[in-house]
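Quick notes on the structure that follows.
Every number in this text was worked out from the coordinates using simple rules, so none of it is lab data. All figures in this text were calculated on a predicted structure; none of them were measured in a lab. Counting neighbours? That spans all protein chains shown, and the Cβs are built from the backbone with ideal geometry, glycine included.
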Amino acid sequence: DGFSAAQLFGQGVCYTYDDVIFHPGHINFAATEVDLTTKLTKNITIRTPIVSSPMDTVTEADMAIAMASVGGAGFLHYNMTQEEQIANLKAVKAHRLGYVTRPEVVSPDATLEFLDELATRRGFTSACVTDTGAVGGKLLGLVTSRDAELVADRSTKVVDVMTSASDLLVGSATDGVAALEELLLKSKKGKMPVVNAETGELVGLITRASIKQKKLLPPPGAPSLDKKGRLLCGAAIGTRPADRDRAVALAAEGVDALILDSSQGDSTYQIEMVKFLKKTIPEVDVIAGNIVTQNQARRLLDAGADALRVGMGSGSICTTQEVCAVGRGQATAVYKVANLAAQYDVPIIADGGIQNSGHVTKALTLGASTAMCGSMFAGTTEAPGEYFYVDGVRVKKYRGMGSLDAMKKGSDTRYLSESGHLKVAQGVSGTVKDKGSVCKMVPYLIHGVKQGFQDMGAKSHAHATELRNAGDMRVETRTGAAQAEGGVHDMHSYKKVLW
Ligand code: XMP
């Protein structure tokens, strides 16, 4: 009944996730027993097989912190200067689990006018005050909107209205998060800066609101940590000569994996870059791509890539297939490349086109070790950019890195269009709805994936591979009518609430 994956994907037709459907297998275990532990790269293991894309409307420090906190990983985009990318990486590496992500910090000389600006931009209610105006500086005090709101002269300095550190409840970083939270809750105060007790330097902030929010979120899985116990973080770079310096600088700050970000990764530029990186900074794993065929994969694997990023034109904002006439249906691309990469024991990342947990399940059971998301995570609290309203709907911007909009800022190297002033867009720019926190979304996605694995009778990634290779995982294509039937139909109206 049905086809093996080898039969289905060997017929000269390429399929994407929605084209294929899996036959259910036999269930003899609970969904909670499914173990989704996986390889991000040859040398990095993570518990949650989902990662965020290096796009400038998806992954900066906040997203990378959130993704590593829930057991996945984030890749910092590189449509910013080397210094900015390093600052983002440092913020991830400095973050402590349980603390507020990147607390607002100002210098004592900042004016109330500056605080007003912060309030509009980032929803300021309070800020720590340190001598350097940043985490790591000596804690001088705390300023809240209440301290500042009734002061008529907005050129007044923060130091004149703040509460001094000596009058604050201040925690010591040597105490565990649980103890610090208890201390804050007992105190009835709203916020507690935490310092290095010996030096008085600000380490982070714990708030009543963040404790409350944590209680409302589903329990996170084990976070992804590096060898020093810091949050895991990846970053993207290009393949220009200047990117070699950027790579070495990122490695010095502890980046765990580098993605060579090209829409067509099978190039001499990328092969040379992989070889350079493996020789110069062997401690950092290199992810090459994007590719969709076994021939492309072979060249990058032979060059020494530690993982491959698969997908060309499948992304929600992509127009590469229309503009350049190249690409492949994502289900076929994942299956074919995964088969070859397995011979090298190298994992692949299924990148683009993921719209729901079913797509993640399909990507993983067809051979990907992780799924990379762009649009799914755009519009979350942790995605870069501010919320705004379009037709009464709260949205954030989401754009392709090959959109004219993004290329204007420098991402054109990804599309090899730096030669000349005529830029051809390979992506679009638009908006996506507010989706709340990614820390809430990922656990729901993961549970959906676990149920999918259970339905197929697969207990783990390795088990799914075994079933697929033995021809025991049966698949078929769906007609347009079958796809329509598989979605919601015949409703007058309905609300799709996913989590
Ligand atoms: P999703 O479907 O998750 O896809 O939004 C994200 C992936 O799309 C790729 N990407 C692009 N592809 N033109 C393209 O052809 C673009 O402008 C573009 N921007 C991003 C990228 O691989 C990303 O992870």
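So what is the relative contact order of the chain, in percent, for Cα pairs below 8 Å that sit 6 or more residues apart? Working shown, then result.
Details: 1062 pairs, mean separation 110.2, N = 499.
Once divided by the residue count of the chain, the mean separation gives 22 percent.
Of the cross-linked pairs K279/K336; K157/K227; K215/K397; K93/K278, which ones have a Cα-Cα span greater than 32 Å in the structure shown? Spell out each step's value before the answer.
On the way: K279/K336 29 Å; K157/K227 42 Å; K215/K397 29 Å; K93/K278 23 Å.
Table pairs above 32 Å Cα-Cα are K157/K227.
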Peptides ranked, highest mean first, by Cβ atoms within 10 Å: ranges 254-260, 202-208, 231-237, 92-98: 231-237, 254-260, 202-208, 92-98
Reachable aspartates and glutamates, given that their alpha-carbon falls under 14 Å from the alpha-carbon of K435 and they are not under 8 places away in the same chain: E382, E386
Gain upon complete extension [N196, F29; 0.36 nm per residue less C-alpha separation]: 55.4 nm
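Which length gain, in nm to one decimal place, applies between D345 and D109 when the Cα-Cα distance is subtracted from 0.36 nm times their residue separation? Show your work: numbers first, answer last.
On the way: separation 236, 0.36 × 236 = 84.96 nm, distance 5.55 nm.
Contour length minus Cα-Cα distance gives 79.4 nm.
Need one word for the range 293-439: rounded, prolate or oblate. Basis is the Cα gyration tensor (sqrt eigenvalues a ≥ b ≥ c); a/c below 1.5 gives rounded, then a/b vs b/c decides. Intermediate results must be reported in sequence, preceding the final value.
Values: a/c = 2.27, a/b = 1.34, b/c = 1.69.
Oblate, since a/c reaches 1.5 and b/c is not below a/b.
In debye, nearest 20: dipole of the range 323-422 around its Cα centre with unit charges on the Cβ of K, R (+) and D, E (-)? List each step's numbers first, then the result.
Numbers: 10 positive and 8 negative charges, 31 e Å.
So the dipole magnitude of the range 323-422 works out to roughly 140 debye.
Using +1 on the beta carbon of Lys and Arg, -1 on that of Asp and Glu, and nothing else charged, what's the dipole of the chain about the Cα centre, debye to 20? If you can, show how the numbers build up before the last one.
On the way: 54 positive and 54 negative charges, 105 e Å.
In total the dipole reaches around 500 debye.
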Rel. contact order, % - alpha carbon contacts under 8 angstrom, at least six apart, the range 104-152: 37 percent
Three-way shape call for the range 9-87 based on the alpha-carbon gyration tensor, with the a/c threshold at 1.5: oblate
The range 441-499 versus the range 272-345: alpha-carbon centroid distance in Å: 25 Å
Other-chain or far-sequence residues with amide H under 5 Å of S262's (modelled H): G289, N290
Rough spin-label spacing in nm, given labels placed 7 Å along Cα→Cβ, for E485 and V248: 6.2 nm
Rounded to 5, the percent of DSSP beta bridges in the chain classed as antiparallel: 50 percent
Cα long-axis angle, helix 82-94 against the chain (0 to 90 degrees, to the nearest 10): 80 degrees
Beta bridge orientation in the range 264-416: antiparallel %, DSSP, nearest 5: 25 percent
Cα-based helix-to-principal-axis angle, 438-456 vs the chain, degrees rounded to 10: 30 degrees
Phi to ³J(HN,Hα) by Karplus 6.51 cos²θ - 1.76 cosθ + 1.60 over the range 477-488, Hz, x for Gly, Pro: 8, 10, 6, x, 5, 5, 5, 5, 5, x, x, 6
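Packing-wise, with mean Cβ within 10 Å as the measure, how do 68-75, 134-141 rank, highest first?
Ranking, from highest mean packing down: 68-75, 134-141.
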Helix 177-187 axis, angle to the chain major axis (alpha carbon atoms, nearest 10°): 40 degrees
Over the range 1-140, relative contact order from alpha-carbon pairs under 8 Å, at least 6 apart, %: 13 percent
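Using only helices, what value at 222 nm comes out for the chain when you add -39,500 (n - 2.57) per DSSP H run of length 4 or more and divide by the total residues, to the nearest 500 deg cm²/dmol?
Values: 17 runs with 164 residues, N = 499.
Calculated from helices alone, the mean residue ellipticity at 222 nm is -9500 deg cm²/dmol.
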Order by protection proxy (mean Cβ within 10 Å, highest first), peptides 41-48, 370-377, 194-201, 427-434: 370-377, 41-48, 427-434, 194-201
